[in-house]
1. Check each of the chymotrypsin sites (Phe, Trp or Tyr not before Pro) in region 90-152 and keep only those in coil by DSSP with at most 14 other C-beta atoms within 10 angstrom; list them in order.
2. Given points 7 Å out from each Cα along the Cα-Cβ axis, report the Ala148 to Ala38 separation in nanometres with one decimal.
3. Go through region 105-121 residue by residue and turn each phi into a ³J(HN,Hα) via Karplus (6.51, -1.76, 1.60, θ = phi - 60°); whole Hz please, and just put x for glycine and proline.
4. So what's region 88-137 giving for Cα Rg divided by 2.2 N^0.38 Å, two decimals?
5. Hey, if we sort Lys133, Lys143 by accessible area with the 1.4 Å probe, largest down, what's the order?
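The values are calculated or read from the model by the stated rules, or taken from the named source; none is laboratory data. Since this is a predicted model, take the numbers as computed values, not measurements. No Cβ is skipped: glycine too gets one built from the backbone with ideal geometry, and neighbour counts run over all protein chains shown. Heads up: the accessible areas ignore ligands, DNA and RNA and are worked out on the full protein's heavy atoms, side chains in. Shrake-Rupley method; radii C 1.70, N 1.55, O 1.52, S 1.80 Å.
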Amino acid sequence: MPRMVLKQAPRLPLSIGGLAAPASAQSTDPHHPTVLGAGVNRANITNDISGHYYSFMAGPGHVDVELAFKEMGVFGRPLPQHLNFDFWNAAGVRLSHIEVLCQGSVARRHTDADLPARQRINLAVSTQWGAIKVGGYYEIELKGAVEAAAPVGADVKPAASEPLVRP
């Protein structure tokens, strides 16, 4: 009997380690962006990083993008802050720059496009720079002719968005 317990003991850490798989997070590397899916994608950002980078496939057809930003304030007080959303194509040509300005409540912006062909769109999200730590919570909602930039396998499910957490 003791031999059976000894043989099973090493399996326990391996099975626990298998359950603790790393969760997908926002990419801070522009050369390896996180795949955005259709629907609402949520994240928190601060100015201690260069930005978050995403990618998705869009077109042909109409694409709607809803952007939202809620600044985190300073010492519990609202502070006017802006968040930058820069859309690029696969060739590195900037398609659009949208700045969302927020002071206190959630600020929202909308953009849309009619794309003639399917193409990869890259998105860079960045905060303003400053001597104090700024940033906040943001959402990107993709609607219309969009899909994830990479296929999802039969046994793989897209990662769920992080819950809303005020930094």
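1. On the way: sites: Trp129, Tyr137, Tyr138; in loops: Trp129.
Answer in residue order: Trp129.
2. 1.3 nm
3. Along region 105-121, the couplings run 9, 5, 9, 10, 9, 10, 9, 8, 7, 10, 9, x, 9, 6, 8, 7, 10 Hz.
4. On the way: Rg = 14.4 Å, N = 50, 2.2 N^0.38 = 9.7 Å.
After normalising by residue count via 2.2 N^0.38 Å, the value is 1.48.
5. Details: Lys133 115, Lys143 80 Å².
Accessible-area ranking of Lys133, Lys143, largest first: Lys133, Lys143.
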